[in-house]
1. Looking only at residues that are assigned to a strand (DSSP E or B) and either loosely packed, with under 13 Cβ neighbours inside 10 Å or in contact with a helix residue (DSSP H, G or I) (Cβ under 9 Å, 6 or more places away or on another chain) (or both) in region 358-374, which one is modelled with the lowest pLDDT?
2. Would you point out the residue of region 318-330, among those that are assigned to a strand (DSSP E or B) and within 20 Å of the chain's Cα centre (by Cα), that is farthest from residue 237 (Cα to Cα)?
3. Inspect region 90-99 for any residue being over 28 Å from residue 154 (Cβ atoms) and in contact with a strand residue (DSSP E or B) (Cβ under 7 Å, 6 or more places away or on another chain) and give the result as yes or no.
4. Does residue 36 qualify as being in contact with a strand residue (DSSP E or B) (Cβ under 8 Å, 6 or more places away or on another chain), over 22 Å from residue 411 (Cα atoms) and either in contact (Cβ under 8 Å) with a residue 40 or more places away in the chain or surrounded by fewer than 16 Cβ atoms within 10 Å (Cβ to Cβ) (or both)?
5. Inspect region 456-470 for any residue being in contact with a helix residue (DSSP H, G or I) (Cβ under 8 Å, 6 or more places away or on another chain), crowded, with 18+ Cβ neighbours inside 10 Å and closer than 29 Å to residue 321 by Cβ and give the result as yes or no.
6. List every residue pair whose Cβ atoms lie under 8 Å apart, where the two residues are 6 or more positions apart in sequence or sit on different chains, the first residue falls within region 240-261 and is not assigned by TED's automatic domain parsing to the domain that holds residue 367, and the second residue, located anywhere, is at pLDDT 90 or above and surrounded by 21 or more Cβ atoms within 10 Å (Cβ to Cβ).
7. Would you mind stating whether residue 212 is free of Cβ contacts under 8 Å to residues at least 12 places away in the same chain and touching a helix residue (DSSP H, G or I) at 6+ places or on another chain (Cβ under 9 Å)?
8. Please work out if residue 458 is assigned to a helix (DSSP H, G or I), over 30 Å from residue 184 (Cα atoms) and more than 24 Å from the chain's Cα centre (by Cα).
């Protein structure tokens with residue numbers, strides 16, 4: 001059951017992801033009931049979904065249309081009164097009986113966050129939080145707007161569903177490169193042995209977008225980069241980078257270690273946070289408007305489209321190692337990466353003449369694009385003189401394995417299997433909000449940066465105080 005069944009996420013991501021899962025066996029006992037407020041017949045909904053199918057609005061393939069004719073259903077949810085949810089319960093039981101289904105139910109809330117509470121209460125009141133088989137709940141971020149609302153949402157969820165039934169999706173956790181962070185760190189002694197304050201100078205985490213607000217103006221101006229990206233995606237990457245070795249790959253063992261990282265983050269000082277908003281500029285060879293000139297954005301908006309932070313993690317492993325996080329819209333390119341910069345050799349005994357200044361080894365974990373890893377090392381340039389040059393050893397997923405699967409099929413597969421490893425737990429949500437909550441009151445933008453640049457100059461100075469610079473401009 002998908003609430004928000006006529007939304008963009010369902011058409012672009014969820015229906016194609018579901019098709020990826022059932023395509024090997026289209027006759028499998030999987031039925032989708034889409035729920036929305038539009039008045040339409042099931043045939044009309046199937047036609048709508050077929051036209052909107054996929055990331056670029058490509059038409060659905062013929063095999064999907066044949067599958068949808070018997071497996072894709074639609075129900076108008078009405079105004080979400082108790083009677084509407086009782087009618088929904090009757091429809092679900094009718095589909096299960098008519099197709100001899102075992103009674104396993106998955107409720108996917110592809111809805112704006114304010115709609116979560118009424119739907120959860122409606123499901124609970126109608127007895128839909130329990131099922132003849134298993135019953136699971138999937139929620140899309142954001143999980144609240146601050147710490148107080150996140151706690152309130154968790155309380156609403158837990159009135160009706162056990163935590164073991166709840167799967168909070170952050171699609172970044174479904175990316176192969178993100179998942180491989182655990183394997184990279186804990187299966188390769190070469191890196192785990194130097195993954196600490198003795199060998200690491202600092203860590204940078206960047207999630208950069210070259211797009212503006214596009215069709216999300218109304219939502220984005222009420223949210224901003226701190227809520228939209230830092231509280232979720234960037235802190236997830238930080239946790240996987242900084243966590244300790246879990247006792248096993250059991251979901252709770254892994255998530256326990258992630259939460260410990262959040263609890264160890266020192267309160268962020270005002271001077272360690274930079275907020276910016278894009279002004280007019282050029283990206284992709286085109287002139288782009290300022291954020292405040294975008295359609296649907298108030299002309300006096302102070303919403304941040306850029307955030308850079310300096311974080312300190314008070315653990316034995318990371319004490320004294322700064323973590324720099326940044327994210328923004330209309331930047332110089334689309335890029336998600338983690339850069340681990342190692343310390344320089346303590347003694348420089350090579351000739352200075354003719355050689356550039358020594359460069360520290362860096363490990364770059366590329367999340368997108370060009371998923372993979374790069375390790376920068378120093379070597380001698382051929383010739384009679386000792387001259388050093390930096391070379392990069394690299395691995396690319398597409399070269400080794402071909403195109404990677406989208407995150408959503410992997411995440412949905414785990415929901416069906418009941419594996420919560422890649423999903424966000426309730427305490428993880430609240431701890432991430434605890435980290436960013438104090439910043440919400442002081443994020444009003446005073447700094448502008450040109451579209452197509454890499455952010456405000458203050459973000460460069462943020463690293464410059466420690467004698468560092470961003471690995472990417």
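1. 368
2. Here the residue is 328.
3. yes
4. yes
5. The answer is yes; a qualifying residue exists.
6. Listed pairs, sorted by first residue: none to list.
7. So residue 212 does not fit the description; no.
8. Against the criterion (assigned to a helix (DSSP H, G or I), over 30 Å from residue 184 (Cα atoms) and more than 24 Å from the chain's Cα centre (by Cα)), residue 458 qualifies.
The values are calculated or read from the model by the stated rules, or taken from the named source; none is laboratory data. Given the structure is predicted, the values throughout are model-derived calculations rather than measurements. Methodologically, a virtual Cβ is constructed for each residue, glycine included, from the backbone with ideal geometry; neighbour enumeration extends over all protein chains shown.
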